[in-house]
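Accompanying notes for the structure given below.
The values are calculated or read from the model by the stated rules, or taken from the named source; none is laboratory data. The structure presented is a predicted model; accordingly, all values stated were derived computationally and were not measured. Positions of Cβ are backbone-derived with ideal geometry, glycine not excepted, and every protein chain shown enters the neighbour counts. SASA here: full protein model, heavy atoms, side chains in, ligands and nucleic acids out. Shrake-Rupley method; radii C 1.70, N 1.55, O 1.52, S 1.80 Å.
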Amino acid sequence: MAALVFLLLCLGAAIALALWRAPLWGWAVLVAVATFLIQAGFVFGPMGGFSLTKLIGWLPAIALGVLSYRPIRQQVVTKPAYRMVKRILPPVSPTEREALEAGTLGFDAELFAGEPDWTKLRAVRPMSLTDEERKFLDGPTEELCRMSNDWQVRAERREVPEEIWNFIKQKGFLGMLISKEHGGLGFSAQAQSLILGKVSSRSPDISVVVMVPNSLGPGELIEKFGTPEQKEHYLPRLAKGIDVPCFALTGPYAGSDAASMRDIGVVTKGMHDGKEVLGLRLNWDKRYITLAPNATLLGLAFHMSDPQNLLGKGEDLGITLALIPADHPGVQIGRRHLPGGNAFPNGPTWGENVFIPLDWIIGGPERAGQGWRMLMSCLAAGRAISLPASGTAATKAMLRATSAYARVRSQFNIPIGKMEGIEEPLARIVEAAYLLESARAVTASMVSGGDKPAVISALMKYKCTEWARQAVNDAMDIQGGKAICDGPSNFAQAAYQSIPISITVEGANILTRSLMVIAQGALRSHPWLYKEVEAVQNPDEDEGFEAFETAFEGHVGFAMANVFGAFFHNVTFGLFAAAPNVRYNGHWYRQASRAARNFALVTDLTVAILGGGLKTKQHITGRLADALADLYFLCCMLKRFEDDGEPQGDRAVLDYAAQNALARFYASLARVIANFPNPVVSVLMRICVFPLGNTASPARDRRSKEIVSLVLEPSATRDRLTREIFVSRDQNEATGALEAAFAKVIESDEANHKLERAVRRGEVHRFLGNDFIGEAVAKNVITPQEGDLLRERERLVAKVIAVDHFDPDEITGKSAIGHNSRPASAFEKPPHVAGGEIHAAE
């Protein structure tokens with residue numbers, strides 16, 4: 001018993017020293033005291049007189065004591081470690097360095113450090129807009145949504161109509177990120193996110209037209225890096241839509257690895273405006289360039305070369321960005337790709353021996369070779385706004401429409417939403433809507449406050465679009481045949497077509513997940529790692545060693561805190577983990593702190609053991625990225641719940657989503673540990689992270705039933721889950737008919753139950769050709785008023801479940817849809833309309 005108490009006390013003391021980041025002499029004292037107590041017989045009984053064994057037993061304490069003396073520690077530990085790291089560490093390339101140094105450290109650094117400071121997260125401003133921004137969201141944005149006809153855009157015209165373009169330009173949609181000083185709206189990132197999301201919930205194609213000029217492209221680059229002359233000339237034109245921009249980055253041989261582009265600009269002399277000037281002879285071949293077919297201003301990325309050293313900066317200047325009018329001689333632009341069958345303009349551009357003056361470089365000749373840094377700086381923030389906004393809006397739109405459909409559509413005499421088979425995917429959509437909006441709002445507020453969270457923006461891009469893909473697929477499954485038959489009454493097809501594009505652009509999700517978030521994020525967000533890298537690459541070896549010593553010793557203390565801290569929090573189930581003083585959710589905060597410590601431990605050991613080979617272990621980095629994303633989303637959900645005023649109706653949704661986030665988090669860590677290439681380190685990770693096994697489990701089925709019930713009826717929770725998207729009230733279009741049918745079904749439920757009971761008893765015969773509602777009224781099953789209510793219900797439900805069908809010539813192309821004839825739809829219903837549909841529940 002005494003031995004067990006002794007061991008527990010030693011373990012407790014070690015945990016305290018590790019979490020305190022105690023110096024070596026503290027550990028030396030602990031080991032010395034433990035050695036004395038053992039050898040004095042207080043633990044295991046008398047051990048006899050002096051012996052060699054006893055002397056050897058004092059060696060650990062003596063070694064720690066000696067190493068506490070800095071000069072000895074430097075010679076024995078620190079300098080050998082410095083030389084080894086300097087020898088084996090691969091050099092950081094200029095493009096990698098620029099990517100690493102782009103942006104700012106955000107809350108991700110708290111998670112990599114394993115000790116999240118909750119005051120920092122809770123200090124992020126809740127979602128808010130200025131009066132001007134709110135009026136624009138509720139005014140011109142709402143009007144644009146009402147003007148938009150998704151079927152007309154993506155199927156009938158296969159282009160964004162001119163009247164939509166004109167409205168977008170006139171109202172200033174293309175200049176949301178351009179400052180008021182230069183004629184733009186100067187909106188915050190939060191406002192841009194909400195505006196883009198609302199438009200996206202109505203028409204993905206139209207949202208792209210608004211999105212691209214307000215994300216990575218000429219407008220933002222000129223605003224941040226342009227010369228005064230460029231700003232004065234271009235920004236007012238871009239803000240008013242006089243110029244339509246595109247940005248050409250991707251080429252046939254440079255996709256996700258954009259830095260390997262073969263496009264070249266050679267410094268030379270040439271003629272411009274009748275004069276010989278110093279300029280660039282450009283050759284480029286780009287593809288997938290959104291808005292290119294409609295663009296009047298081309299932003300171009302290329303490698304810049306000065307073989308004659310005319311600028312005096314050397315031959316290879318690096319990636320450079322330039323502005324080229326689309327009508328400039330030699331510029332080839334205007335043909336179209338057809339990405340996913342969508343209608344937004346997208347196409348290739350190329351040029352051969354196109355001469356431009358040096359003044360067309362963004363930022364002027366002084367910015368030559370700085371293009372990659374400029375792009376990464378913009379992308380660090382921009383990637384957190386546009387695509388997360390559209391992915392979140394798509395998910396919320398799918399939830400609102402699909403939950404209404406699941407309530408309106410009945411099979412086996414019950415709404416399909418109450419069937420457990422439908423309940424499961426519908427619960428996933430509810431969870432996705434809550435967690436995505438939580439992360440979107442928090443991240444947009446960070447960016448609005450001036451942050452450029454590069455790591456968070458990368459995981460937001462890939463996770464928001466992946467969750468949206470799952471939500472759209474779930475919505476399609478729930479709707480069954482209704483969803484797979486395209487036409488004006490199909491409200492899911494547009495999202496289904498556009499989501500793969502969101503997943504592909506701005507860094508394909510596969511590579512963003514496996515390479516960027518952890519391979520770059522760990523180096524950028526780790527509290528000590530980048531400092532060590534910078535130290536060993538310092539050309540001044542004395543200065544480098546001094547910096548390395550500080551970082552290395554800090555890293556050792558950090559690693560010890562992770563090992564002992566993770567073990568402690570896991571054997572105590574997070575009971576003593578840090579949490580703010582909150583009314584609710586202290587448990588979830590403690591679990592998030594516990595998870596952060598586990599993440600820091602596994603990530604730190606992974607980076608330390610794999611080193612420069614980390615980029616090749618993409619199974620591991622991908623799973624760590626998933627773990628980080630789930631942890632970040634959990635933190636954002638806790639903040640959202642507080643920012644929303646801690647509504648009681650949302651607690652079930654938060655509990656469900658939080659438990660699932662932790663289950664996914666630990667599943668990702670378990671797979672990293674199980675597949676870790678070093679078996680000794682794998683065992684250490686398992687002991688620390690799962691000392692009692694993996695106890696994290698997904699939310700129980702009864703929880704999914706609870707949260708689905710919240711969206712199958714009108715409720716404040718349902719409205720909060722689907723806030724800030726476009727909600728149509730027009731019964732002559734798909735979602736408007738759904739909204740009306742949803743309300744009418746709820747209103748007429750009691751009367752419908754009476755009718756259903758009469759049908760089951762055989763009193764009323766519900767067949768085609770028989771006025772069964774009239775029969776029910778005649779037999780006093782329902783009142784005349786209830787009969788009128790049920791007739792309206794039947795009319796609206798018939799609209800909702802009907803599917804579109806077309807003349808064969810329209811489908812084969814012999815007759816163009818929308819020109820010589822129109823499709824038969826739920827809203828233009830000829831006698832032969834298909835009122836029913838193939839359905840998963842049938």
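A few points about this structure:
- Orientation-averaged projected area, Cα convex hull of segment 573-654 (nm²): 6.5
- Counting all C-alpha pairs of the chain, share separated by more than 43 Å (%): 41
- Enclosed volume per residue, in Å³, of the convex hull spanned by Cα atoms of segment 541-617: 124
- Two-site label geometry, K814 and Q332: point separation in nm, points 7 Å out along Cα→Cβ: 3.8
- The alpha-carbon positions of segment 168-271 define a convex hull whose volume is 146 Å³ per residue.
- All Cα pairs of segment 348-412, percent lying beyond 14 Å: 77
- The alpha carbon gyration tensor of segment 124-205 gives principal lengths a ≥ b ≥ c with a/c of 1.5 or higher and a/b greater than b/c, which makes the shape prolate.
- Percent of C-alpha pairs per 10 Å bin, segment 410-472, short to long: 19, 37, 23, 13, 7, 1
- Two-decimal ratio, segment 550-595, of alpha-carbon radius of gyration to 2.2 N^0.38 Å: 1.38
- More than 23 angstrom apart: percent of Cα pairs within segment 424-522: 36
- Euclidean distance between Cα centres, segment 215-271 to segment 616-643, Å: 33
- With one equal scatterer per alpha carbon and no solvent term, the Debye-computed log10 I(q)/I(0) for segment 519-663 at 0.09, 0.21 1/Å reads -0.37, -1.26.
- A P(r) calculated from all alpha carbon pairs of segment 380-443, with 5 Å bins opening at zero, reads 4, 18, 23, 18, 13, 10, 7, 4, 2, 1, 0 percent.
- Per residue solvent-accessible surface (Å²) - segment 687-746, probe of 1.4 Å: 46
- Between segment 442-474 and segment 281-306, the Cα center-to-center distance that results, in Å: 27
- Once divided by 2.2 N^0.38 Å, the Cα radius of gyration of segment 664-719 becomes 1.81.
- Förster-model FRET efficiency, 60 Å R0, K531 and A716, C-beta, rounded to 0.05: 0.80
- When each of the peptides 519-530, 460-471, 349-360 is scored by the mean number of other C-beta atoms lying within 10 Å of its residues, the order from highest to lowest reads 460-471, 519-530, 349-360.
- Over segment 1-70, volume per residue of the alpha carbon convex hull, in Å³: 68
- Computed from the Kirkwood radius of its Cα pairs, the Stokes-Einstein diffusion coefficient for segment 339-453 at 25 °C and 0.890 mPa s stands at 131 µm²/s.
- Euclidean distance between Cα centres, segment 58-80 to segment 332-376, Å: 58
- For the chain, the share of accessible area belonging to carbon and sulfur comes to 56 percent (1.4 Å probe, ligands and nucleic acids excluded).
- Among 804-814, 733-743, the peptide with the highest mean count of other Cβ atoms within 10 Å heads the list, and the full ranking is 733-743, 804-814.
- Segment 690-793: radius of gyration over Cα atoms, expressed as a fraction of 2.2 N^0.38 Å: 1.59
- Cα pair distances of segment 227-345 binned at 10 Å [whole percent]: 12, 37, 37, 12, 2
- Order by protection proxy (mean Cβ within 10 Å, highest first), peptides 323-329, 234-240, 200-206: 200-206, 234-240, 323-329
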